[in-house]
1. Condition test on residue 348, is it farther than 21 Å from residue 204 by Cβ and assigned to a helix (DSSP H, G or I)?
2. Name every residue in segment 181-197 that is part of a helix (DSSP H, G or I) and modelled with pLDDT under 85, in order of residue number.
3. If residue 230 passes every condition in (1) in a helix (DSSP H, G or I); (2) in contact with a helix residue (DSSP H, G or I) (Cβ under 6 Å, 6 or more places away or on another chain); (3) under 30 Å from residue 91 (Cα atoms) but one, which one does it miss?
4. Report yes if residue 56 is in a helix (DSSP H, G or I), more than 30 Å from residue 240 (Cβ to Cβ) and at pLDDT 70 or above, otherwise no.
5. Consider residue 85 carefully, then state whether it is at pLDDT 70 or above, crowded, with 17+ Cβ neighbours inside 10 Å and either part of a helix (DSSP H, G or I) or assigned by TED's automatic domain parsing to the domain that holds residue 176 (or both).
6. Is it the case that some residue within segment 286-296 is in contact (Cβ under 8 Å) with a residue 24 or more places away in the chain, over 23 Å from residue 330 (Cα atoms) and part of a helix (DSSP H, G or I)?
7. Checking the conditions here, which among 237, 163 is outside the structural domain of residue 39 (by TED's automatic domain parsing) and surrounded by 13 or more Cβ atoms within 10 Å (Cβ to Cβ)?
8. Could you run through segment 29-53 and say how many residues are free of Cβ contacts under 8 Å to residues at least 40 places away in the same chain and either assigned to a loop (DSSP other than H, G, I, E, B) or surrounded by 19 or more Cβ atoms within 10 Å (Cβ to Cβ) (or both)?
C-alpha cells in the first residue's frame, strides 16, 4: 500500500471515529467514566496481580469498594450539596444586584472622570446588561442540576460505570495483546513507542490532577464551611472539581466566594479578606506543593492547550467531550512532537545538502 493510500485509509478511520463520537455522545458518558475509573485503578490491579491475586478478584474488590465508598459519599453529601446549589442559583440575581449597588458609587466616579454626564442612563444600561447575563445563567444552571441529578440516578440504577471499569481492569492485558495484533507490522514498534509516550503523559496528568482536585475540593469546602460562608460546601467542592482545568477552579471559586462574602459579611472586611486568603492559600498549595509532587513538569501538557482542549471538547461533544479532552490533548501532543521530530530529520527541513542550521 502506497503512502497516499495509507494516509487516505487512516484519515477515513479517524473521520468515522469522530463521527461516531458525535452521534453516540448522549449515551457514552457511563462508558467513558468507566474507562476513566479503570485507567486510574489499573496500576493498583497490576500490583495486586504481581502479588499473586487474580486480576478478576483484584478488579472486583477495587470496583466494589470504590463504588460503595462513592455511593456512601453521594448519599451523605448530595442532599446538602444540591440544596446549597439550588439556593445559590436562586439567590444569584440578588447577589449580583447587591454587588452592583455596592459598586455603583465607584462606577459613578469613574463615569464622571471619563466625562460621562448621564450616569443614570449608564446605570440602567449596566443593570439591563447584568439582567440579560444573569437570567439565562440561572436558567441554565437549574437545567444542568436537574439533568445531572437525573443522570446520576439512572447511572446508579443501571450500574454501567462500575461494570465497564471491572471488565476493563480484568481484561486489560488481553485487550492490549489483541490491539497489538492489529498493528501494521512495518510500523508496530513506532506505534508502541508513541502509545507508551501517551500513557506516560496521560497517567502523569490524569492521576496527578485527580488527586490535586480531590485535595483542593476538600480544602476549599472545609475552610469555607469553617468560616461560615453561605454555600461554602457547594462552592468549595465545585471549585475543586473544575480545578483539572488550570486556574479555572481557583478563579471560579475566588470570584464566587468573594462575591458571596461581600453580600454576607459587608462591611466586615476581615471576613472577606479571610475568604480571599483561602483561595490564595489554595493556589499556592496547588502550584508549589501538590502539582510539583503529584503531576510534575514532565507531562508536556501546557495549561493553555488543556484549556483549549476542554472548551473544544465541550463544544463538540458536550460533557463526554470534556472528559475526553485531556486524553485527546495527550495523544495530539505526543503525535505533534513525533511529527516535528520526523520533520526535522527529513530532507524537507534539512535541505537538499542535509546541512540544516
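1. Numbers: farther than 21 Å from residue 204 by Cβ: yes; assigned to a helix (DSSP H, G or I): yes.
Spelling it out, residue 348 is indeed farther than 21 Å from residue 204 by Cβ and assigned to a helix (DSSP H, G or I).
2. So in segment 181-197, the residues part of a helix (DSSP H, G or I) come out as 181-182, 185-197.
Listed by number, the residues that qualify are 182, 185, 186, 187.
3. For residue 230, the failing item is (1).
4. Working: in a helix (DSSP H, G or I): yes; more than 30 Å from residue 240 (Cβ to Cβ): yes; at pLDDT 70 or above: yes.
Here the answer is yes, as residue 56 does meet what is asked.
5. On the way: at pLDDT 70 or above: yes; crowded, with 17+ Cβ neighbours inside 10 Å: yes; either part of a helix (DSSP H, G or I) or assigned by TED's automatic domain parsing to the domain that holds residue 176 (or both): yes.
Yes; evaluated as a whole, the condition is true for this residue.
6. Checked segment 286-296: no residue is in contact (Cβ under 8 Å) with a residue 24 or more places away in the chain, over 23 Å from residue 330 (Cα atoms) and part of a helix (DSSP H, G or I).
7. Working: 163 fails: outside the structural domain of residue 39 (by TED's automatic domain parsing).
One residue alone meets the criteria, 237.
8. Looking only at that region, the number is 3.
The values are calculated or read from the model by the stated rules, or taken from the named source; none is laboratory data. Computed from a prediction, not measured in an experiment: that's the story for all the values here. Here Cβ is always computed from backbone atoms with ideal geometry, including for glycine, and neighbour counts include all displayed protein chains.
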